[in-house]
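The block underneath contains the structure these notes are about, expressed in structure tokens.
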Amino acid sequence: MDRQHRREWERNYRRLNREKEVKRHRESYLKNREAILIRAKERYYLNREKKLITNAAWRKQNPDKMRRYTEAWSKKNRTRRLESARVQSHKRRTLRRRGECDIQSINILVQLIRAAEKMKCAICDHNMPVGDRSIDHVIPLSRGGSGDIGNLQVVHRKCNLQKYAKMPHELDGQMQIHLVGRVA
């Protein structure tokens, strides 16, 4: 039997014996689970950069699927998500309590932001409407940044969410830090 006939025969066999094949694969997985997981982890680390790029491209091409997946994950992992948010909030409060955030400077900055008619985003360099402005730490608090006014910038809310806890040099080509919170 040549290769093509063999593949066709195997395909037909699997189709006709679906339940039997699923059971066989399941038993094999359970028997060899540890080795399979180790090989998968090794494969991931060998191809990590390529996998990250592929995943990012897929997310960009499938925003609707990504949104549905994220919503489903959020519903399924509600307590985990809330716990993560609670931990982040606790870290931020701790940093403020230590005196690493100058609240008066931040309040002055907020007043200046509200007063300015035109302002450009420090990340994407586009004009920002008044209701779409947020304050971002250039070097995130979680990465050792401080809360003083020199580490703050004014950005779109969307840009702030996309930046997350990245350092300025970690931003991809679409998100370049421009002039810090400049008034247009």
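The values are calculated or read from the model by the stated rules, or taken from the named source; none is laboratory data. Being a predicted model, the structure only gives us computed values, none of them experimental.
Quick notes on this one:
- Residue match in segment 22-32 (condition: in a helix (DSSP H, G or I) and under 25 Å from residue 171 (Cα atoms)): no
- All conditions in (1) in a helix (DSSP H, G or I); (2) at pLDDT 80 or above hold for residue 110, with the sole exception of (2).
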